[in-house]
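Only one structure is covered here, and it is reproduced in the block below.
The values are calculated or read from the model by the stated rules, or taken from the named source; none is laboratory data. None of the values given here were measured: they were computed from a predicted structure. We place every Cβ from the backbone using ideal geometry, glycine too, and count neighbours over all the protein chains shown.
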Amino acid sequence: FETALAMHGDPEGLAAVKANLSSDNAAVKTYSAIFAGEAGAANLKEKLIKQLNDENRDARIRAAQALIVLAKNEHPQDEIVVSDVYEASKEYPRYSEGSILPLNDGSLLYATTQFIGSGSDFATARIIAKKSTDGGRTWGKQRVLQENTGKKNVMSATLRYLAGPLQEKRPIGLFYLKKNTLSDLKAYLKVSDDNGKTFGPPIEITTPPGYHVMNNDRITILSNGRWLAPVASTPDVHKNNHFVCTCFISDDQGKTWKQSTGNVDYAKRGAMEPEVFELKDGNVLMIFRTQSGHIGSSLSCDKGDTWSEPVSWGVRAPEAPATLRRIPSTGDLLLIWNDNFEPGAGHSGKRTPLTAAISDDEGKTWKLKKNLETDADHTYSYISLTFHDGRAVMSYYVGDENRLISSRFRSIPLTWFYEPTAD
């Protein structure tokens with residue numbers, strides 16, 4: 001009775017809920033967590049967070065649900081959350097190529113690459129992470145997910161759950177690159193069975209020799225269970241520096257990998273930094289960076305093994321990667337990229353603005369184009385994108401005029417992307 005009174009803000013009821021969250025009885029803790037969320041008892045967040053580690057599964061679940069309810073009630077639903085979670089400095093001049101994973105408990109795990117002493121692609125670097133329990137408004141202590149085991153660095157993180165949301169056991173995959181030389185860059189996978197606290201031994205994905213670039217936040221798990229790791233490869237990034245795209249394929253949950261039979265080549269510097277995406281008809285679309293003023297594209301009708309002759313996707317872009325995802329609630333496609341092209345300029349133009357657009361016809365046409373970032377003195381690229389609690393949650397690098405690169409978090413209500421534009 002007392003805990004029910006908490007629903008009406010009764011002080012004795014709220015005190016009872018607080019006391020019951022410390023009970024030795026799992027059922028009492030479970031129901032108290034429900035009341036805490038429904039009563040909007042924000043002062044009990046710390047107790048609920050502690051309950052996320054309870055040995056009783058129902059108690060953990062109800063605590064997570066209560067925290068989600070509290071987070072929804074605490075902030076306006078139309079709030080856009082933006083912060084430079086990893087801010088560059090002289091000691092750490094570059095944070096880039098990150099990935100964000102919404103965890104089962106409702107928190108966010110945000111990994112990125114930390115470069116040490118220099119912002120060069122070949123500088124020493126490792127993969128670090130922070131966690132947020134309030135939708136990205138604040139972030140916890142930094143920790144190392146992957147120390148540098150390469151002769152140059154490790155970089156370009158992808159975080160993925162490796163099993164569906166209804167499965168009781170959901171291992172987390174950390175995919176990353178290990179760079180040794182100008183002709184030796186390989187992709188690896190490590191698996192965590194404890195929700196990202198620790199990771200197992202590395203599994204090599206790109207077994208052939210060469211320089212294999214797999215961008216951050218790029219692994220795709222198809223509806224038939226196949227895993228695709230899209231890669232752009234060159235024998236030597238200095239001597240050759242012409243890239244050809246393939247997919248590395250796993251049909252046994254990442255234990256073994258094989259390279260696709262077909263590949264995708266393109267003009268000038270080639271096909272670079274690919275993304276692969278399953279369409280509603282079951283075919284797989286590849287989009288990739290080019291030097292031709294547009295995003296390139298190719299199609300696979302056999303789940304990523306062979307690829308059609310590449311063509312322009314019809315979307316203008318500088319020499320920079322684009323990120324494509326399907327919005328779960330609508331089924332529409334959301335594209336994030338740099339809507340810019342300057343012929344003759346370095347990288348075919350600055351990586352600004354950072355733009356979003358919606359497609360309701362599987363990428364044939366785009367509408368509701370909006371800019372996320374417009375500052376011409378900064379550059380924005382290497383986007384990660386996922387969805388959580390009715391929001392698009394993303395990270396990307398922000399480069400300034402001093403050649404410092406920070407990693408920015410942005411959370412936007414999905415309704416924002418559908419608001420009418422002036423044109």
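List every residue pair whose Cβ atoms sit under 8 Å apart, with the two residues 6 or more apart in sequence or on different chains, where the first one lies in the stretch 12-38 and is assigned to a loop (DSSP other than H, G, I, E, B) and the second, anywhere, is of a type in the set (A, V, I, L, M, F, W, C).
Within 8 Å, the pairs are Leu21/Ala33; Leu21/Ala36; Leu21/Leu44; Leu21/Leu48.
Name the residues in the stretch 152-177 that are among the hydroxyl-bearing types (Ser, Thr, Tyr) and either surrounded by fewer than 22 Cβ atoms within 10 Å (Cβ to Cβ) or in contact with a Cys (Cβ under 6 Å, 6 or more places away or on another chain) (or both), would you?
Within the stretch 152-177, just Tyr161 meets the criteria.
Among the residues of the stretch 191-201, is any part of a strand (DSSP E or B), out of contact with any helix residue (DSSP H, G or I) (no Cβ under 9 Å at 6 or more places or on another chain) and surrounded by fewer than 20 Cβ atoms within 10 Å (Cβ to Cβ)?
For the stretch 191-201, residues part of a strand (DSSP E or B), out of contact with any helix residue (DSSP H, G or I) (no Cβ under 9 Å at 6 or more places or on another chain) and surrounded by fewer than 20 Cβ atoms within 10 Å (Cβ to Cβ): present.
Kindly list the number of the only condition in (1) more than 20 Å from Pro93 (Cβ to Cβ); (2) among the hydroxyl-bearing types (Ser, Thr, Tyr); (3) surrounded by 17 or more Cβ atoms within 10 Å (Cβ to Cβ) that fails for Thr149.
Unmet for Thr149, out of (1) more than 20 Å from Pro93 (Cβ to Cβ); (2) among the hydroxyl-bearing types (Ser, Thr, Tyr); (3) surrounded by 17 or more Cβ atoms within 10 Å (Cβ to Cβ): (3).
List every residue pair whose Cβ atoms sit under 8 Å apart, with the two residues 6 or more apart in sequence or on different chains, where the first one lies in the stretch 91-113 and is closer than 14 Å to Gly136 by Cβ and outside any strand (DSSP E or B) and the second, anywhere, is modelled with pLDDT under 95 and among the charged types (D, E, K, R).
Close Cβ pairs (under 8 Å, with a partner that is modelled with pLDDT under 95 and among the charged types (D, E, K, R)) amount to Gly106/Asp389.
Quick one: would you say Asp252 is modelled with pLDDT of 95 or more, closer than 21 Å to Ser96 by Cβ and not in a strand (DSSP E or B)?
Here the answer is no, as Asp252 does not meet what is asked.
Please go through (1) at pLDDT 95 or above; (2) closer than 21 Å to Thr352 by Cβ for Ala422 and return the number of the only condition it doesn't satisfy.
(1)
Out of all the residues in the stretch 305-329, which are touching an Asp or Glu at 6+ places or on another chain (Cβ under 9 Å), closer than 27 Å to Ser223 by Cα and not in a strand (DSSP E or B)?
Residues satisfying the conditions are Pro310, Pro321, Ala322.
Among the residues of the stretch 202-243, what is the count of those that are part of a loop (DSSP other than H, G, I, E, B), polar (S, T, N, Q) and in contact (Cβ under 8 Å) with a residue 40 or more places away in the chain?
6
Take the residues in the stretch 373-411 that are surrounded by fewer than 20 Cβ atoms within 10 Å (Cβ to Cβ) and part of a strand (DSSP E or B); name whichever of them is modelled with the lowest pLDDT.
Taking the candidates together, the pick is His388.
Quick check on my filter: what residues within the stretch 330-348 are touching a strand residue (DSSP E or B) at 6+ places or on another chain (Cβ under 8 Å), in contact (Cβ under 8 Å) with a residue 40 or more places away in the chain and in a loop (DSSP other than H, G, I, E, B)?
The answer is Phe341, and nothing else.
Which members of the stretch 61-77 meet the condition of being under 16 Å from His388 (Cβ atoms) and modelled with pLDDT of 85 or more?
Ala64, Gln65, Leu67
From Ile205, Ile221, Ile249, which residue is in contact with a Lys or Arg (Cβ under 6 Å, 6 or more places away or on another chain) and either at negative phi or of a type in the set (D, E, K, R) (or both)? Outline the logic, then answer.
Working: Ile205 fails: in contact with a Lys or Arg (Cβ under 6 Å, 6 or more places away or on another chain); Ile221 fails: in contact with a Lys or Arg (Cβ under 6 Å, 6 or more places away or on another chain).
Every option except Ile249 fails the conditions.
Taking Ser297 as the residue in question, decide whether it is among the polar types (S, T, N, Q), in contact (Cβ under 8 Å) with a residue 12 or more places away in the chain, surrounded by fewer than 16 Cβ atoms within 10 Å (Cβ to Cβ) and in a strand (DSSP E or B). It would help to see each step written out before you state the result.
Details: among the polar types (S, T, N, Q): yes; in contact (Cβ under 8 Å) with a residue 12 or more places away in the chain: yes; surrounded by fewer than 16 Cβ atoms within 10 Å (Cβ to Cβ): no; in a strand (DSSP E or B): yes.
Criteria not met by Ser297.
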